[in-house]
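First up is the structure itself, then whatever we jot down about it.
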Amino acid sequence: MEYLLELAASPTAWVALATLVVMEIVLGIDNLIFISILTNKLPEQHRQKARRIGIGMALILRLALLSTIAFIVQLTEPVIEILGQAFSWKDMILIAGGLFLVWKATTEIHHSMDPAPEDPKTAASTVTLGFAAAIGQILMLDMVFSIDSIITAVGMTEHLPIMIIAVVASVLVMLLAADPLAKFINDNPTVVMLALGFLIMIGMTLIAEGFGAHVPKGYVYAAMAFSAGIEVLNMMSRRAKQKKAAQQA
């Protein structure tokens, strides 16, 4: 209790907390985009449940990883060397997660461009398998993003209570933003393609990080923000044209 009171009275601790909360929320954007795109492919009655399960598991994974900080720190130690390049468990996890993101986003783009007709006779089984597959894929990416998130937290502060508060706050923001973001993506088909492009870029960034090439997150998120801004202008232009056409009609 005395330790917590000392933290609460420390301005440095509050600054660290605010910085870490913002960082964790930004890192959670990647996770949230993937969850939104994936759950939007499910039948409408299953979407909110899948999003809540996915985000809930993200919180559980992050808190579980925080309880094993000593183990998490060891994940950054090299365990294998290939052609002179050393790889840690973190590197291999990031590479695997990045490859999965690139594969998944590319597959979704292909399906968007050339959708396959659904057989009504297998619709019921597709729903069940689709829900299970969606949860499995969300959990896999939750693990990748959670490890990245916790390693970032450990690097920014040594105080466990600050890490826990920042992680819980970021996941709560994800939970609040999940439904509006998913609805926005679902209502704007062009945004889906943009978001899939974001996932490919994030996947390539994870792969690069796994091979030891540090990619400043600020550049990645600046590119995402610029692209999103252009898309917003396109949406405003389309709506203005539609409104003008409706008035003329």
Enumeration of residues in region 139-166 that are surrounded by 17 or more Cβ atoms within 10 Å (Cβ to Cβ) and acidic (Asp, Glu): ASP142, ASP148
Which listed residue is at pLDDT 80 or above, assigned to a helix (DSSP H, G or I) and under 16 Å from VAL22 (Cα atoms), from VAL154, VAL144, VAL167: VAL167
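To keep it simple, each residue is scored yes or no on (1) under 16 Å from the mean Cα position of the chain (by Cα); (2) modelled with pLDDT of 80 or more.
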| site | (1), (2) |
| --- | --- |
| ALA64 | no, yes |
| ILE69 | no, no |
| VAL73 | no, no |
| VAL79 | no, yes |
| LYS90 | no, yes |
| GLY98 | yes, yes |
| LEU101 | yes, yes |
| LYS104 | yes, yes |
| THR107 | no, yes |
Region 219-249: number of residues that are closer than 19 Å to LEU181 by Cα and over 17 Å from the mean Cα position of the chain (by Cα): 10
Evaluation of GLY136 against (1) modelled with pLDDT under 75; (2) assigned to a helix (DSSP H, G or I); (3) exposed (fewer than 11 other Cβ atoms within 10 Å of the Cβ) (one fails), failing number: (1)
Residues that are outside any helix (DSSP H, G or I) and farther than 24 Å from ARG51 by Cα, drawn from region 185-224: PHE211, GLY212, ALA213, HIS214, VAL215, PRO216
Filter result for ILE202 (modelled with pLDDT of 80 or more, more than 22 Å from TYR221 (Cα to Cα) and β-branched (Val, Ile, Thr)): no
Odd one out for MET23 among (1) at pLDDT 80 or above; (2) surrounded by 14 or more Cβ atoms within 10 Å (Cβ to Cβ): (1)
Enumeration of residues in region 49-94 that are among the charged types (D, E, K, R), more than 19 Å from ILE29 (Cβ to Cβ) and surrounded by 17 or more Cβ atoms within 10 Å (Cβ to Cβ): LYS90, ASP91
THR190 vs. criteria under 15 Å from the mean Cα position of the chain (by Cα) and among the β-branched types (Val, Ile, Thr): no
Answer from LEU176, LEU181 - the residue that is within 28 Å of ASN234 (Cα to Cα), of a type in the set (A, V, I, L, M, F, W, C) and buried (at least 20 other Cβ atoms within 10 Å of the Cβ): LEU181
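The values are calculated or read from the model by the stated rules, or taken from the named source; none is laboratory data. Remember, it's a predicted structure, so these values are computed and weren't measured experimentally. Positions of Cβ are generated from backbone atoms using ideal geometry, with glycine treated the same way; all protein chains shown enter the neighbour counts.
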